[in-house]
Amino acid sequence: MSTTIVSHGFGMTNQDHWYPYLRDELGAAGHRVRVPQLPEPQAPQADAWLKALTAETAVSPAADTVLVGHSLGGVNVLRLLEKHDVDAEGPYAGVVLVASMAGEVGYDALAGFFEPDFEWPRIRRAARTFRILHAADDPVTGAATGEHIMRFVTELGATATVTATDGHFPSTGASRLQLPEAIRLVNDSVPNCPGIDEREPGAVCLPP
């Protein structure tokens, strides 16, 4: 049984939009799912968000855990991976970033989340797989949407799924209660052999 931990977006709670759907659908399939409420979502601080997410991930083995980040929550996941001790704890099973950002998008109040620059090699080493879900018409990444997606692909070796008209999943003022594509990406990230890094020489996955 794997664990999925969701880092929600800016201005949102853990009960908004498709988060309960993700929790219920994956939970019904036998996964442990946690969607922590991050502090002060309307005026978030990078250190506080990272501390809260770090505490949430401490209770499950990285090898059995998929991290999901939505929007600014994805940036929070990247900062977590940046500080993750891979040598001591091993890499996370997978990462799914929904409408997230690979750099600043012009919100001065959120600048602290993007400073200093990301240490991409450390982040890439901290998870086995990276999957991206983004919309071509995302109003947050705007005209630079393609650049954000390609940064994830080139720096993290991510697999990107790009839709045409889904905005920011959702955009401000809209609601989105289901996101089946996120379910698929999480399921694709779940290891066949929990606790085993199948990339390691000699690793053997035996049938149950």
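The values are calculated or read from the model by the stated rules, or taken from the named source; none is laboratory data. Predicted model, so just to flag it, every value in this text is computed and none were measured. So basically every Cβ, Gly included, is an ideal-geometry build from the backbone, and we count neighbours across all protein chains shown. Protein only, heavy atoms only, side chains kept; ligands, DNA and RNA dropped before computing areas. Shrake-Rupley method; radii C 1.70, N 1.55, O 1.52, S 1.80 Å.
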Check: In degrees, nearest 10, range 0 to 90: what is the angle between the Cα axis of helix 180-189 and the longest Cα principal axis of the chain?
Finding: 40 degrees
Item checked: Estimated FRET transfer efficiency when R0 is 25 angstrom, pair residue 108-residue 32 (beta carbons, to 0.05) -> 0.10
Checklist line | Sites residue 143 and residue 54 - FRET efficiency at Förster radius 35 Å, r taken between beta-carbons, to 0.05 | finding: 0.55
Check: Under a point-charge model restricted to the Cβ atoms of Lys and Arg (+1) and Asp and Glu (-1), what is the dipole moment magnitude of the chain relative to its Cα centre, in debye to the nearest 20?
Finding: 380 debye
Notebook entry, point to check: According to a simple spin-label model (label point 7 Å from Cα along Cα-to-Cβ), what is the distance in nm between residue 87 and residue 45?
Noted result: 3.2 nm
Next item on the list: May I ask you to give the solvent-accessible area per residue for the chain, in square angstrom, as obtained with a 1.4 angstrom probe?
Entry: 46 Å²
Notebook entry, point to check: So if R0 is 22 Å, what FRET efficiency would residue 24 and residue 188 give, r being the distance between their Cβ atoms, rounded to the nearest 0.05?
Noted result: 0.70
Margin query: Out of the total accessible area of segment 129-179 (probe 1.4 Å, heavy atoms of protein only), what percent is carbon and sulfur?
Written below: 53 percent
